[in-house]
Amino acid sequence: MTAAIVTGGASGVGRSTVEILVGRGVPVVAVDRRWPDDSAADDVVRITGDVCDAGTWKEAVDAAQERGGLSKLVINAARLAVGSVLDVADDELRQVFEVNVFAAALALRSCLPVMIDQGGGAVVGVASTDAVFAEQGLAAYCASKGALLQLMRCVAVDHARQGIRANVVCPGAIDTPFFRQHVDAAPDPEAFLRVKTERHPSGRILQPEDVAEVVAFLLSDAAIGMNGTPVMIDGGLTTTFDFKDA
């Protein structure tokens, strides 16, 4: 079986995706900047590096080739900056776009030629409901995730005839370090979390595995009819503009 590369594999959705793929027998190369001791199974190749660095991608692709070839790519690593467009510092703005957009393009430019040469494969970008809907206080993040969505759509139409499928998951609030960073930045974190939770028709904040299961599906042949598709995974959050708990 050919390998998958997963970025941001040390925690959150990335870690859950790695665990699900390994459980299904897929060789995995996981990339992250740092690795906690319990962050991945022993049979996962861990690459420590910056996704904005071409050298990291060469190492990851070489590792995938050594594990049977490359047919799956999950672009999950991301950066968050809290604030309106007036609040976000220049360096923060650049860093958000470097990780969320530039690094995604670098991943695609590193992986797609190999995947095409080997007969094609599936790419999943982890965007956000913020790729489609605006959220207060997350101007840079929303803009970057919208760019990621469009980048993946372009991959879908440009490379479909070369055997590439590219889809996007758009999660809502997920119980990850990213989400907790956003909560902690609120004036009243407890009230902020309560409002966020109550807005969901499901009545709960999603867990990383809720998203990772959909990522794994999109990587599989069961999703062969899906290409260029954004999939909302948000517990019904964006289904209505006026949810009230009866």
Spin-label model distance (nm) - Val195 vs Arg109, 7 Å beyond Cα toward Cβ: 4.1 nm
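For the chain, what is the calculated [θ] at 222 nm in deg cm²/dmol (nearest 500), taking -39500 (n - 2.57) for each run of four or more DSSP H residues and dividing by its residue count?
Details: 8 runs with 99 residues, N = 246.
That comes out to -12500 deg cm²/dmol.
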Return the whole-Å distance between the Cα centroid of the stretch 149-208 and the Cα centroid of the stretch 1-31. 18 Å
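Which order do peptides 227-235, 68-76 fall in by mean Cβ count within 10 Å, highest first? Kindly include the intermediate steps, with their values, before the conclusion.
Values: 227-235: 19.1, 68-76: 25.1.
Answer by packing, highest mean first, reads 68-76, 227-235.
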Which residue, Thr197, Leu86, Asn167, has the largest displacement toward the positive end of the dipole of the stretch 59-203 when charges sit on each Cβ (Lys, Arg +1; Asp, Glu -1)? Asn167
How far, in degrees from 0 to 90, does helix 139-159 lean away from the longest principal axis of the Cα atoms of the chain, to the nearest 10? 30 degrees
Suppose a student asked you for the relative contact order of the stretch 110-239, using Cα pairs under 8 Å spaced at least 6 residues apart; what percent would you report? 32 percent
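Given charges of +1 on the Cβ of Lys and Arg and -1 on the Cβ of Asp and Glu, with all other atoms neutral, how large is the dipole of the stretch 170-246 about its Cα centre, in debye to the nearest 20?
Roughly 140 debye for the stretch 170-246.
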With charges only on Cβ, +1 for K and R and -1 for D and E, what is the dipole size of the chain about its Cα centre, in debye, rounded to 20? 640 debye
Want the number for Asp62 to Cys154: 0.36 nm per residue separation, take away the alpha-carbon distance, what's left? 30.6 nm
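Pairs of Cα atoms under 8 Å, at least six residues apart: use those to get the relative contact order of the stretch 41-154, whole percent.
Values: 139 pairs, mean separation 37.2, N = 114.
Value for the stretch 41-154: 33 percent.
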Rank by packing, highest mean first: peptides 78-84, 119-125, with packing defined as the count of other Cβ atoms within 10 Å averaged across residues. 119-125, 78-84
Could you grab the relative contact order for the chain? Cα pairs under 8 Å, six or more apart, rounded to a whole percent. 19 percent
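Place a +1 charge on the Cβ of each Lys and Arg in the stretch 115-246 and a -1 charge on the Cβ of each Asp and Glu, then give the dipole magnitude about the Cα centre in debye, rounded to the nearest 20.
On the way: 10 positive and 16 negative charges, 63 e Å.
Charge dipole of the stretch 115-246: 300 debye, to the nearest 20.
Give, in nm to one decimal, the length gained when the segment between Asp188 and Ala54 is fully stretched (0.36 nm per residue of separation minus the Cα-Cα distance).
Values: separation 134, 0.36 × 134 = 48.24 nm, distance 4.06 nm.
Using 0.36 nm per residue and subtracting the Cα-Cα distance, I get 44.2 nm.
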Could you work out how far helix 189-198 tilts from the main Cα principal axis of the chain, as a 0 to 90 degree angle to the nearest 10? 80 degrees
Any idea how far apart Asp221 and Val85 come out in nm if each label point goes 7 Å out from Cα toward Cβ? 4.7 nm
Hey, if you put +1 on the Cβ of every Lys and Arg and -1 on every Asp and Glu Cβ in the chain, which of Met152, Val13, Ala139 ends up farthest toward the positive end of that dipole? Met152
Once you put a point 7 Å from the Cα of Phe241 and another 7 Å from the Cα of Gln207, both along the Cβ direction, what distance in nm separates them? 3.4 nm
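Each reported figure results from applying straightforward, stated rules to the coordinates on display, with no laboratory input. All of these numbers come straight from a predicted model, not from anything done at the bench. Note that each Cβ is placed from the backbone with ideal geometry, even for glycine, and that neighbours are counted across all protein chains shown.
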